[in-house]
Number of protein chains: 4
Amino acid sequence: MEVGFLGTGRMGKVMAANLLKAGHRVRAWDKSPEPLHELKRAGADIATTAADAFRGDAVISMLPNDQALREVFIEGDLLKHGHASTVSVNMGTVSLDCVDALVAAHDARNIAYVAATVFGRPDVAAAAKLSIMAAGDSAAIDRVQPLFDAMGQKTYRVGSEPRHANIAKIAGNLMVACAIEATAEAAALLRKYRMSAPDVLDVIITSLFNVPVYQGYGRAIGHRQYMPPGFDLVLGMKDVGLALKAGEQANVPLPFASVLRDAFIDAIANGDADKDWSAIARVAARKAGLED
Amino acid sequence: MEVGFLGTGRMGKVMAANLLKAGHRVRAWDKSPEPLHELKRAGADIATTAADAFRGDAVISMLPNDQALREVFIEGDLLKHGHASTVSVNMGTVSLDCVDALVAAHDARNIAYVAATVFGRPDVAAAAKLSIMAAGDSAAIDRVQPLFDAMGQKTYRVGSEPRHANIAKIAGNLMVACAIEATAEAAALLRKYRMSAPDVLDVIITSLFNVPVYQGYGRAIGHRQYMPPGFDLVLGMKDVGLALKAGEQANVPLPFASVLRDAFIDAIANGDADKDWSAIARVAARKAGLED
Amino acid sequence: MEVGFLGTGRMGKVMAANLLKAGHRVRAWDKSPEPLHELKRAGADIATTAADAFRGDAVISMLPNDQALREVFIEGDLLKHGHASTVSVNMGTVSLDCVDALVAAHDARNIAYVAATVFGRPDVAAAAKLSIMAAGDSAAIDRVQPLFDAMGQKTYRVGSEPRHANIAKIAGNLMVACAIEATAEAAALLRKYRMSAPDVLDVIITSLFNVPVYQGYGRAIGHRQYMPPGFDLVLGMKDVGLALKAGEQANVPLPFASVLRDAFIDAIANGDADKDWSAIARVAARKAGLED
Amino acid sequence: MEVGFLGTGRMGKVMAANLLKAGHRVRAWDKSPEPLHELKRAGADIATTAADAFRGDAVISMLPNDQALREVFIEGDLLKHGHASTVSVNMGTVSLDCVDALVAAHDARNIAYVAATVFGRPDVAAAAKLSIMAAGDSAAIDRVQPLFDAMGQKTYRVGSEPRHANIAKIAGNLMVACAIEATAEAAALLRKYRMSAPDVLDVIITSLFNVPVYQGYGRAIGHRQYMPPGFDLVLGMKDVGLALKAGEQANVPLPFASVLRDAFIDAIANGDADKDWSAIARVAARKAGLED
């Protein structure tokens, strides 16, 4: 297939590379030129503007946040260049308000819009093992399924409205944040009883919670290593904020998310904004009178 | 080895059977005769009193709660029958106050005391795949290591004081309870956006949280099936209470545990005491205005 | 003094009447004509547009919310009609973002802007006993002090930036919301011990908390009377949201506000949006298994 | 009336003095002799043992805690000296478990037991202005009403079971603790916006919350003065614990009490155990990144 690709950051770059490997033609664009050179060597065409990449059978967006999406799609009026035969697939994490704006913009131009969020960090993406949650018009998803097959290990269809893909992502992210706080509280408890947090957490993450999410954060918290950040605390705060906002709009109290919000603010107020989001464990430790 | 075994309930029964399979001699006792018949057929000797089972190289206790332990060990003055050559191994979940009382009682009689808590439900115990966390005197643990090898897949030494094994168990249980509440909040959010909670949770528990703890509770919560209980809500409340008590004694605030406490009380106040502890998801649903 | 008055709802109407009583000339405007007739009989001039009222020594705004303020001041470009000799005094409760927009708009036209929030319901306003918290340029406040003297019993200067008046109001409102939740939890406890909540709360609000805020809400909660609303639940949710937003912008965790947020959402999700905000006591009761 | 008085600490001493002023005969006992000398000068008889004071028309206990009550009443078997004509009145704050033990002990000896908790600090007690909440047998309360009249400004009858007086006290204390935390969060917010917390809190406690509870704590928090303690943080933690325990026994979730529990533990873990309980405001400040 002919695919446009907008946004070739840490995730987008390896996803686009997997499309190339699977034999698709890719026309890539990003604000920043560096990752584009890499993709060019791997066989991609390089577009000089977002509009220049918005063509072909499908266009995949993997832009970093609401603001970037709004700049490119809404303010840049990108869709006026689009064709009805192109499926626009947004794979980034985005607020529900932004989803609604994007859906309206696509509807106005009669261009099919699919939302497809993913679980998996860059290494998982590079291995083409993402879990993809797609939502929107079923026929449109069918058309881009070969692209999902090239980038992920499985595609789940989670709803008929595009925003459903974002809700699913928000729910999963909230669960990850909860796993971090739970580990942080356990670690503070262990330390105050003068036990080895790394050792006991190691038991827990090789038995009950024998899964990469807990293993990564369990080790970081056990050894109190929060730099360099895999996913920084301010982004984590944003994700918890998306969950609280989604909860508020649908009238869903989320008490764990509220505790997380306070923990993230506490961490930021105390100077840890640039650390990994697992550094909220420093908040749990400080509350227990531990030094860090 | 010659092993006494006190408490042959759902867990103890299969653990004792694994000792027999590994070639150890087992002398078992329980208040209730039924499981003893089974063990007899498997080759165990049956003791008529706890005192009659308190002999040999080691005695393993797998009694259900503080009260049962106190009755047998303290009020029944069990240890007056003990020999200095016997290692007493308590594998049940117990409060720190009860641990302290047991340690004092063993010290007074000069009998070695090892605490060894486990992660794993009866099916895991039956497969001899328990994760065992042992704490106490290192030489005493060495002596009973062959027994742990027969019952578990791995033994971790988590501290030099017996109570350390209980703290580790309390920490792990708290993390499990947190996983349940996190799943419950995610499910309420999904449902209020008219998405299929079973389907989306299925994505999450086969990708991010691909581990039996999340799979079991994720399915229960997705399908709203809380009967029969695997571990009932009142026991769950007790476990959260142990964590809060341990936190209070060592001055460790545990905000997630506090939220859990309120959720368990809410569930009990609203008639779900006899359901599985994952039924705290009904609390999250009710708060969101969902019917159950 | 010559005073323009924008917004003559339940509060504005009686405040404007007090200005007239004190001998000031008032030129009033509101979207809705009814309260204007009343003020006319009391001696006010009636303006047909907001612009027509924006003149004289000072203009007081008592508009209901951000949206109304933005419509009149920003979208209506009201200030282009203003003179540098007029002090613009905003006495409504408003978000910090809206304050910032209003300050910028006034600065652009070189018109002095004073923020002056108040504590007190319509009956307190009618008695000219409002507590007024003024913030902004000191000389500008001096010029309008005679107006504050006519409307309130005391004016406090709470800061040099206009937003300080709003922060003070947000802080006070948060404390009121906390008083409601505290009373609600006490009432649930009393009821579950089969005690008379009205009687015991009556003891508390005539001894420890012998002050109108607690008396009003204590009686409402004791007798479970939440209609008609004095201040409705959705407005209460908005106020808690302003506190959380202000806390987030300045990195201040507010755990009580987070609990309140969940209680308000729970109340709204369960059908109480149109009741008085003290109806969050129904949430506390429901969590305790009480019928309402 | 002839009155025995057990426990003449800061509160008991002035209460007993008011009984003397009202013309009652008082026979006082305390573990510590100092306050007894004072009372002797004021006209009281001094008992050398608790048993020696347990006689007359009524005996009032104002002992400091559960342990002191159990020592004197249960372990000391005080009631074997009692007569059926004596009404035993416990005015101290006590756990529900301890109330139950005292009720059983009195029932066994057929001695009437009245619980009568109070709101008011020593200065209020000295002015005979306590608010008294009495519970138990109505005829027994009638008999001691003249004593209540001498010590308090009003007696409220809050229930037919003695424990009701304790629940009412627990509920009131919880509301006071909530007022402190609410003030603490408001203060942290004000400070982070670089406003004067003392000044703005002063507005709030002279308008909305114009009542001694808020005035005392509002000033302490505004000026960050937590020494000497009026009521120390560890006692505050105990009171919150009584509320949580009472809530747990009757299945009442108390989310504000849970937040308070974590704040008190945080304060104690960080070295403020000996300060006034309003020092939980230091926790709120620290979470916001403020120095104290």
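Is it the case that A:ILE46 is assigned by TED's automatic domain parsing to the domain that holds A:SER138, within 16 Å of A:GLY9 (Cβ to Cβ) and either in contact with a Pro (Cβ under 8 Å, 6 or more places away or on another chain) or without any contact (Cβ under 8 Å) to a residue 24 or more places away in the chain (or both)?
Numbers: assigned by TED's automatic domain parsing to the domain that holds A:SER138: yes; within 16 Å of A:GLY9 (Cβ to Cβ): yes; either in contact with a Pro (Cβ under 8 Å, 6 or more places away or on another chain) or without any contact (Cβ under 8 Å) to a residue 24 or more places away in the chain (or both): yes.
So A:ILE46 fits the description; yes.
Residue-by-condition table, conditions (1) in contact with a Ser or Thr (Cβ under 9 Å, 6 or more places away or on another chain); (2) within 7 Å of another protein chain (Cβ to nearest Cβ); (3) over 26 Å from A:GLN215 (Cα atoms); (4) of a type in the set (D, E, K, R):
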residue: B:ARG143; (1), (2), (3), (4): no, no, yes, yes
residue: B:HIS164; (1), (2), (3), (4): no, yes, no, no
residue: B:MET175; (1), (2), (3), (4): yes, yes, no, no
residue: B:ALA182; (1), (2), (3), (4): no, yes, no, no
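Does A:LEU244 qualify as being modelled with pLDDT under 95, closer than 19 Å to C:VAL252 by Cα and either part of a helix (DSSP H, G or I) or in contact with an Asp or Glu (Cβ under 7 Å, 6 or more places away or on another chain) (or both)? Criteria not met by A:LEU244.
Give the residue, chosen from D:VAL144, D:VAL211, that is within 20 Å of C:TYR156 (Cα to Cα), β-branched (Val, Ile, Thr) and at pLDDT 95 or above. Lay out the reasoning, then the answer.
Values: D:VAL144 fails: within 20 Å of C:TYR156 (Cα to Cα).
Result of the check over D:VAL144, D:VAL211: D:VAL211.
Filtering segment D:81-96 for residues that are within 14 Å of chain C (Cβ to nearest Cβ), surrounded by fewer than 19 Cβ atoms within 10 Å (Cβ to Cβ) and part of a helix (DSSP H, G or I) leaves a non-empty set. Take the residues in segment C:230-250 that are more than 17 Å from C:GLU181 (Cβ to Cβ) and surrounded by fewer than 19 Cβ atoms within 10 Å (Cβ to Cβ); name whichever of them is nearest to the other protein chains (Cβ to nearest Cβ). Going through the qualifying residues, I end up with C:GLU248.
Filtered by the rule that a residue be out of contact with any helix residue (DSSP H, G or I) (no Cβ under 7 Å at 6 or more places or on another chain), part of a strand (DSSP E or B) and under 19 Å from D:HIS81 (Cα atoms), segment D:1-29 gives a lone residue, D:GLU2. For segment C:265-292, residues that are outside any loop (DSSP other than H, G, I, E, B), within 11 Å of chain B (Cβ to nearest Cβ) and either basic (Lys, Arg) or touching a residue at least 12 places away in the same chain (Cβ under 8 Å) (or both) total 9. What tally of residues in segment B:189-227 results from selecting those that are buried (at least 20 other Cβ atoms within 10 Å of the Cβ), hydroxyl-bearing (Ser, Thr, Tyr) and free of Cβ contacts under 8 Å to residues at least 24 places away in the same chain? Residues meeting the conditions: 2. All conditions in (1) buried (at least 23 other Cβ atoms within 10 Å of the Cβ); (2) out of contact with any helix residue (DSSP H, G or I) (no Cβ under 6 Å at 6 or more places or on another chain); (3) more than 10 Å from every other protein chain (Cβ to nearest Cβ) hold for C:ASN110, with the sole exception of (1).
Just one of the listed residues (A:ALA269, A:ALA187) is outside the structural domain of A:ASP97 (by TED's automatic domain parsing), among the small types (Gly, Ala, Ser), over 17 Å from D:ASP262 (Cα atoms) and modelled with pLDDT of 95 or more, namely A:ALA269. When D:ALA128 is tested against (1) farther than 29 Å from D:LYS80 by Cβ; (2) surrounded by fewer than 21 Cβ atoms within 10 Å (Cβ to Cβ); (3) without any contact (Cβ under 8 Å) to a residue 12 or more places away in the chain, only condition (3) is not met.
Please state which one of C:ALA115, C:ALA134 is assigned to a strand (DSSP E or B), within 14 Å of another protein chain (Cβ to nearest Cβ) and under 19 Å from C:ALA50 (Cα atoms).
Working: C:ALA134 fails: under 19 Å from C:ALA50 (Cα atoms).
Matching residue, one of C:ALA115, C:ALA134: C:ALA115.
Just to be sure, is B:ALA116 at pLDDT 95 or above and either surrounded by fewer than 21 Cβ atoms within 10 Å (Cβ to Cβ) or over 29 Å from A:ALA197 (Cα atoms) (or both)? It would help to see each step written out before you state the result.
Values: at pLDDT 95 or above: yes; either surrounded by fewer than 21 Cβ atoms within 10 Å (Cβ to Cβ) or over 29 Å from A:ALA197 (Cα atoms) (or both): no.
Considered against the rule, which asks whether it is at pLDDT 95 or above and either surrounded by fewer than 21 Cβ atoms within 10 Å (Cβ to Cβ) or over 29 Å from A:ALA197 (Cα atoms) (or both), B:ALA116 comes out as no.
Just one of (1) more than 7 Å from chain B (Cβ to nearest Cβ); (2) within 18 Å of A:ASN90 (Cβ to Cβ) fails for A:ASP202. It is (2). Restricting the first member to segment B:134-150 and to residues that are in contact (Cβ under 8 Å) with a residue 60 or more places away in the chain, and the second to residues that are in a helix (DSSP H, G or I) and surrounded by fewer than 19 Cβ atoms within 10 Å (Cβ to Cβ), the beta-carbon pairs closer than 8 Å and six or more apart or on different chains are B:ALA150/B:LYS21. On inspection, C:ALA42 qualifies as touching a Leu at 6+ places or on another chain (Cβ under 8 Å) and not acidic (Asp, Glu). Does C:ASP142 fit the bill of being of a type in the set (D, E, K, R) and under 25 Å from C:LYS13 (Cβ atoms)? Answer is no for this residue.
Closer than 21 Å to A:GLU161 by Cβ and in contact (Cβ under 8 Å) with a residue 60 or more places away in the chain: is that true of A:MET62 in this structure? So A:MET62 does not fit the description; no. Restricting attention to segment D:251-265, the residues that are crowded, with 24+ Cβ neighbours inside 10 Å and either in contact with a Gly (Cβ under 8 Å, 6 or more places away or on another chain) or modelled with pLDDT under 95 (or both) total 6.
Scanning segment B:205-225 for residues that are farther than 15 Å from A:ALA165 by Cβ, facing another protein chain (nearest Cβ under 10 Å) and among the polar types (S, T, N, Q) gives B:THR206, B:ASN210.
Scan (1) in contact (Cβ under 8 Å) with a residue 40 or more places away in the chain; (2) closer than 23 Å to B:GLY9 by Cβ; (3) not polar (S, T, N, Q) for the single condition B:ALA171 breaks and write down its number. Only one criterion is unmet by B:ALA171, namely (2).
When C:ALA128 is tested against (1) on the phi > 0 side of the Ramachandran plot; (2) of a type in the set (Gly, Ala, Ser); (3) more than 16 Å from the chain's Cα centre (by Cα), only condition (3) is not met.
The values are calculated or read from the model by the stated rules, or taken from the named source; none is laboratory data. These numbers come from a predicted model, not from an experiment. Don't worry about glycine lacking a Cβ; one is built from the backbone with ideal geometry, like all the others, and counts go over all protein chains shown.
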